[in-house]
Amino acid sequence: RMQAQSKKLGTTLGFAALGVAVITVALWFRQVAEVALPENRTLFVVSYLTALAMGVGALVARTRWFGAIPAVLAILIGGFFPFSVAISRQEVATTGIQIGQTIPHFKALNRHGELFDSASLDGKLVLMKFFRGHW
């Protein structure tokens with residue numbers, strides 16, 4: 001009976017861990033889509049590590065076979081983001097465009113999938129923001 005309760009707890013914890021991981025991923029990609037990544041990503045790192053710890057806790061507590069699957073997924077998802085943050089350096093380029101300089105000509109797709117041509121900005125003051133996200 002004690003082992004059955006432990007497996008039930010582990011299975012519940014495994015699904016909860018996956019829930020935390022999926023919600024955190026959804027919030028991250030929502031921020032990416034809105035080009036609004038936070039400067040301080042500590043809350044995201046803590047959330048991912050929480051999902052990872054809950055997944056490990058579920059396996060330690062023992063799960064039913066179907067509870068191990070979300071626990072393992074939470075461990076993988078929860079470990080990937082902090083690992084990618086830790087190994088990727090973000091440096092500011094010293095050869096970038098300076099304030100007041102003319103931007104080089106380029107074409108790209110905008111957020112609506114339409115072709116954008118920088119030539120359409122000629123003669124206008126423009127603020128351009130480029131970012132790099134972690135995935």
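Numbers at a glance
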read-out: In Hz, Karplus ³J(HN,Hα) per residue of the range 114-124 (6.51, -1.76, 1.60; θ = phi - 60°; x = Gly, Pro); value: 9, 6, 10, 10, 5, 4, 5, 9, 3, x, 10
read-out: Contact order relative to length of the chain, as percent, for alpha carbon pairs under 8 angstrom and 6 or more apart; value: 28
read-out: The chain: most fluctuating residue of Phe29, Phe116, Phe15 per GNM, C-alpha cutoff 10 Å; value: Phe116
read-out: Under 5 Å, built H, 5+ apart or other chain: amide partners of Phe116; value: Ala108, Leu109, Asn110
read-out: Label point distance in nm, Ser120-Val32, each placed 7 Å from Cα along Cα→Cβ; value: 2.6
read-out: Highest-MSF residue in the chain out of Leu59, Leu43, Leu115 [GNM, Cα springs under 10 Å]; value: Leu115
read-out: The chain - percent of accessible surface contributed by carbon and sulfur, probe 1.4 Å; value: 65
read-out: Spin-label model distance (nm) - Phe106 vs Val45, 7 Å beyond Cα toward Cβ; value: 2.8
read-out: Within the chain: Cβ-based charge dipole about Cα centre, in debye rounded to nearest 20 (Lys, Arg +1; Asp, Glu -1); value: 780
read-out: Helix-only CD estimate at 222 nm, as mean residue ellipticity for the chain, using -39500 (n - 2.57) per DSSP H run (n ≥ 4); value: -19500 deg cm²/dmol
read-out: Dipole of the chain, positive direction: furthest Cα of Gly19, Leu59, Leu127, with charges on the beta-carbon; value: Leu59
read-out: Surface accessible to a 1.4 Å probe, per residue, for the residues of the range 1-84, Å²; value: 60
read-out: Given [x] 1.53; [y] 1.61; [z] 0.98, the label whose value is Cα Rg over 2.2 N^0.38 Å derived from this model; value: [x]
read-out: Cα-based helix-to-principal-axis angle, 65-87 vs the chain, degrees rounded to 10; value: 40
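The values are calculated or read from the model by the stated rules, or taken from the named source; none is laboratory data. On a predicted model such as this, the values are computed, not experimentally measured, just so you know. Heads up, the Cβs are rebuilt from the backbone with ideal geometry, glycines too, and the neighbour counts pull from every protein chain shown. What goes into the accessible areas is simple: the full protein's heavy atoms, side chains included, and nothing from ligands, DNA or RNA. Shrake-Rupley method; radii C 1.70, N 1.55, O 1.52, S 1.80 Å.
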